[in-house]
Amino acid sequence: MIKITLKPKFKIESEMNLKNLSNHGFDRKLICKTKILYNNKEVAIDKIFEIKIDKNEEIQNELVILDLNKNCDYLGWKWRDGVLRVKSNVGSFLGSEMVAGEILVDGSAEHFVGSQMCGGKIIIKSNVLDFAGSSLPGYKKGMSGGLIIINGNARDYLGFNIRRGILFVKGNVGNYSCNSMIAGTVILKKKVGNNLGFGMKRGTIFLNKKISS
């Protein structure tokens, strides 16, 4: 198996679109040829990141990325193979339309974590913002499979339009969780905001405490 480690050569201070990182398939040549969008310009990945490629004794290929921040979006887009490990915070659309594999984040993520994913597992060590496990903007089909575990808090519209899969939040959640939920399972361990399950059709919500009306 292969382990690829990426470390930025400088602080990421402009918007970065990392969607193309899901297309290399752990091929040594392809990863070096990958181009990403930084500050609305297409840039070769080795202009932004130091790239280290090693043999991996684990049973799965692994992509490890260091020192990202909230400017880094679309990481793990349509992710389908191996482990993506993020040793920092990360931006929006993490694991959107994910198919299989694992995404592990040591920090926090922004909006739309796991939106429209249909398989695989995402684990966030800290917090997320709005629309985790939801539909993407302009669409009505949310998460349809897989597992999202958020060890910290989630803000508003968690599981918006969720159809299948499991969402587990160990911290607090904001308003409109499970809005327009069609099916699936959502587990909420702590404080829940207003309008839980508004427009819900089916599915299961587990709560650790009674919600006042």
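Tabulated data for the structure shown
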quantity: Between region 1-50 and region 131-165, the alpha-carbon center distance in angstrom; calculated: 26
quantity: Solvent exposure ordering (accessible area, 1.4 Å, most first) of 155, 202; calculated: 202, 155
quantity: Computed [θ] at 222 nm, deg cm²/dmol, the chain (DSSP H ≥ 4; -39,500 (n - 2.57); rounded to nearest 500); calculated: -1000 deg cm²/dmol
quantity: From the coordinates shown, P(r) over Cα pairs in 5 Å bins from 0, in percent corresponds to which of (i) 1, 6, 13, 15, 15, 13, 11, 8, 6, 4, 3, 2, 1, 0, 0, 0, 0, 0; (ii) 1, 6, 11, 13, 11, 10, 11, 11, 10, 7, 5, 3, 1, 0, 0, 0; (iii) 2, 8, 16, 20, 18, 14, 10, 7, 4, 1, 0, 0; calculated: (iii)
quantity: Estimated distance in nm for a label pair at residue 41 and residue 172, the labels positioned 7 Å out from Cα along Cα-to-Cβ; calculated: 4.3
quantity: Size of electric dipole in the chain: Cβ of Lys, Arg +1 and of Asp, Glu -1, about Cα centre, debye, nearest 20; calculated: 520
quantity: Rounded percent of accessible protein surface that carbon and sulfur make up, region 57-213, 1.4 Å probe; calculated: 47
quantity: Solvent-accessible area per residue for the chain (1.4 angstrom probe, square angstrom); calculated: 50
quantity: With all protein chains modelled, accessible area of residue 29 [1.4 Å, Å²]; calculated: 150
quantity: Highest to lowest packing among 131-139, 160-168, 187-195, scored as the average C-beta count within 10 Å; calculated: 160-168, 131-139, 187-195
quantity: Pairs beyond 31 Å (Cα-Cα), from 3/78; 19/141; 70/191; 55/190; 52/141; calculated: 55/190; 52/141
quantity: Sorted largest first, extent of region 94-195 alpha carbons per principal axis (Å); calculated: 30, 30, 21
quantity: DSSP beta bridges in the chain [antiparallel fraction, %, rounded to 5]; calculated: 25
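The values are calculated or read from the model by the stated rules, or taken from the named source; none is laboratory data. If you're wondering where the values come from, they're calculated on a predicted model, not measured in any experiment. Note that we place each Cβ from the backbone using ideal geometry, even for glycine, and neighbour counts take in every protein chain shown. The protein model used for the area step is the full one, side chains on, heavy atoms only, and it has no ligands, DNA or RNA in it. Shrake-Rupley method; radii C 1.70, N 1.55, O 1.52, S 1.80 Å.
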